[in-house]
Amino acid sequence: MKNNYLFRTGFSSMLPLIFMALILFSCTRQEDIRLPNVVIIFIDDMGYGDIGSFGATEYATPHLDRLASEGMRFTNFYAAQAVCSASRAALLTGCYPNRIGISGALGPNARVGIHDDEETIAELLKNKGYATGVFGKWHLGHHVQFLPLQHGFDEYLGLPYSNDMWPVYYDGGAISDSSINPHRRNYPVLPLIEGNEKIEEIRTLDDQAKLTTLYTERAVDFIRRHQGEPFFLYLPHTMVHVPLGVSEKFKGKSEQGLFGDVVMEVDWSVGQVINTLKELGLDKNTLVLFTSDNGPWLNYGNHAGSTGGLREGKGTSFEGGQRVPCIVRWPGVTEAGTISNKMASTIDILPTLAEITGSPLPDHIIDGVSILPLLRGDETANPRDHFYYYYQRNSLEAVRKDHWKLVLPHTHRTYEGVLPGNDGFPGPYAWKEAEYALYDLRRDPGERYDVKDLYPEIVAELETLVEKARQDLGDDLTERTGKNVREIGRLEDDE
């Protein structure tokens, strides 16, 4: 009896210790399974060849090169369209932008924007307890009902549209009737918005030079304030879109002139974000994705970037317009120093994050697929085997399956044979008819050699995808209406 008593009392005295141990174990396990932070850095008009690890020369991008060495570099990554608003809508909703009615670049006179019914990455992650912030260019509607705080973001600071949508010419003077885009002389000065309110006006090129640093400082502050909880940071820089602006700390640092200076400051910004994550011990549980909204605006000459040898640039559905650099860093999941040659797109980011966080997908059609197997290094995975190249309002201009791309007849801008502008002044566009052609992108990423006559069976296979796209999304070029497109958001007074 005595021994039993001692056992009982001894065990009883140990119960608090056991209980505390279980609590500590539980807390440790909760910490282990904390959802990853997500950082998306979205650059404006950066071309495929504008980063050191993608072939850039005459300026250095050490932080981006380090990001690539510590993560995965994608060589076949696509913006969903080669223009601002459409590309951003696709990134945040996981949809081809024409599916949700968004096309082109919404300006200060627009009365439309992202629809209330569309679910953004921010809304998806907010439902999982994430703090959400966006610092930079929005461009999905500048009226309050379209701004970020109404679409899943807790915090917003930035410009509501592109930095050239103001009454200032590229030399800093006023726009006149004889200027390129003379209608912009009636535009308001650029509003800097915080939350839902204008807090400042961007009136000069010197004002624009402060933007990259401003966004970066706010991004770093956001990380510090939310380090104790999962967060989603969306950092869509205004640069490297014209007019170019760079702070004094990088002015004149590049051998390539102002454009190189601006890229170097963007690279610095990436370094500030990554270094903050490392300083706070957050980097091992943070997925960082860096990419661009479309290729370079080539008619701005030495104020534009490089496609790295791809055909054409921004404003076209050729590879130089839509194939963009992409780097993903996610320690412990994505193996350092790896390269994925598999096809992927900005529309795949939302479903990928949904799978990572265990979030349900939106209850309407989306076009993205999860590329999580690629991030995990599964070399047998091929989550995206085809991609549609839409442009204008809803024009199907090409389709890709595996390494084959079928270009459909359409009119496109071209930079071939025209003298590009220099020092920020735009050169002229030339217009050209694209002919029906098949390209083998594995051997011919510059889209120079039409091989349709050699591979009629491939053409037939891709034509099947063309017909599928036309039924689903429509095609203005053939006057087809898609059965699964949705309405753009409109001001309540206009509905």
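Step by step: first the residues of the range 235-258, then only those that are under 20 Å from GLY49 (Cβ atoms) and in contact with a Leu (Cβ under 6 Å, 6 or more places away or on another chain), then the one that is surrounded by the most Cβ atoms within 10 Å (Cβ to Cβ). Which residue is that?
In this case the residue turns out to be LEU244.
Can you tell me which of GLY446, GLY421, GLY427, GLY474 is over 23 Å from GLY301 (Cα atoms) and not assigned by TED's automatic domain parsing to the domain that holds ASN98?
Values: GLY446 fails: over 23 Å from GLY301 (Cα atoms); GLY421 fails: over 23 Å from GLY301 (Cα atoms); GLY427 fails: over 23 Å from GLY301 (Cα atoms).
Answer to the check: GLY474.
Within the range 224-234, is even one residue among the small types (Gly, Ala, Ser), surrounded by 24 or more Cβ atoms within 10 Å (Cβ to Cβ) and under 24 Å from PHE153 (Cα atoms)? Walk me through how you get there before you give the answer.
Our first condition is that a residue be among the small types (Gly, Ala, Ser); within the range 224-234, this holds for 228.
From the residues that got through so far, the ones that are surrounded by 24 or more Cβ atoms within 10 Å (Cβ to Cβ) too are none.
Scanning the range 224-234, I find no residue that is among the small types (Gly, Ala, Ser), surrounded by 24 or more Cβ atoms within 10 Å (Cβ to Cβ) and under 24 Å from PHE153 (Cα atoms), so the answer is no.
Considering only residues that are under 16 Å from PRO409 (Cβ atoms), in contact with a helix residue (DSSP H, G or I) (Cβ under 9 Å, 6 or more places away or on another chain) and not basic (Lys, Arg), which ones fall in the range 455-475?
Our first condition is that a residue be under 16 Å from PRO409 (Cβ atoms); within the range 455-475, this holds for 459, 462-463, 466-467, 469-470, 475.
If we keep only those that are in contact with a helix residue (DSSP H, G or I) (Cβ under 9 Å, 6 or more places away or on another chain) as well, we get 470, 475.
Correct list: ASP475 only.
Answer yes or no as to whether VAL418 is among the β-branched types (Val, Ile, Thr), modelled with pLDDT under 95 and under 21 Å from GLY320 (Cβ atoms). Steps first, please.
Values: among the β-branched types (Val, Ile, Thr): yes; modelled with pLDDT under 95: yes; under 21 Å from GLY320 (Cβ atoms): yes.
Against the criterion (among the β-branched types (Val, Ile, Thr), modelled with pLDDT under 95 and under 21 Å from GLY320 (Cβ atoms)), VAL418 qualifies.
Confirm whether GLU487 is loosely packed, with under 14 Cβ neighbours inside 10 Å and part of a loop (DSSP other than H, G, I, E, B).
Working: loosely packed, with under 14 Cβ neighbours inside 10 Å: yes; part of a loop (DSSP other than H, G, I, E, B): yes.
Against the criterion (loosely packed, with under 14 Cβ neighbours inside 10 Å and part of a loop (DSSP other than H, G, I, E, B)), GLU487 qualifies.
Quick check, is ASN422 surrounded by 21 or more Cβ atoms within 10 Å (Cβ to Cβ) and in contact with a Gly (Cβ under 6 Å, 6 or more places away or on another chain)? Lay out the reasoning, then the answer.
Details: surrounded by 21 or more Cβ atoms within 10 Å (Cβ to Cβ): no; in contact with a Gly (Cβ under 6 Å, 6 or more places away or on another chain): yes.
Considered against the rule, which asks whether it is surrounded by 21 or more Cβ atoms within 10 Å (Cβ to Cβ) and in contact with a Gly (Cβ under 6 Å, 6 or more places away or on another chain), ASN422 comes out as no.
A quick yes/no check of all residues on (1) in the same structural domain as GLY107 (by TED's automatic domain parsing); (2) at pLDDT 95 or above; (3) not in a loop (DSSP other than H, G, I, E, B):
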{"residue": "SER178", "(1), (2), (3)": "yes, no, no"}
{"residue": "ARG185", "(1), (2), (3)": "yes, no, yes"}
{"residue": "LEU192", "(1), (2), (3)": "yes, yes, yes"}
{"residue": "ASP207", "(1), (2), (3)": "yes, yes, yes"}
{"residue": "TYR215", "(1), (2), (3)": "yes, yes, yes"}
{"residue": "ALA219", "(1), (2), (3)": "yes, yes, yes"}
{"residue": "GLY245", "(1), (2), (3)": "yes, yes, no"}
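Considering only residues that are of a type in the set (A, V, I, L, M, F, W, C) and over 30 Å from ILE274 (Cα atoms), look in the range 175-222 and name the one that is surrounded by the most Cβ atoms within 10 Å (Cβ to Cβ).
The initial filter retains those residues of the range 175-222 that are of a type in the set (A, V, I, L, M, F, W, C), namely 175, 180, 189-190, 192-193, 199, 202, 205, 209, 211, 214, 219-220, 222.
After this cut, where a residue has to be over 30 Å from ILE274 (Cα atoms) as well, the list is 175, 180, 189.
Details: ILE175: 19, ILE180: 14, VAL189: 15.
Top of the filtered list is ILE175.
The values are calculated or read from the model by the stated rules, or taken from the named source; none is laboratory data. Owing to the predicted nature of the structure, the values given are computational and were not obtained by experimental measurement. Virtual Cβ from ideal backbone geometry, glycine too; neighbours counted across all protein chains shown.
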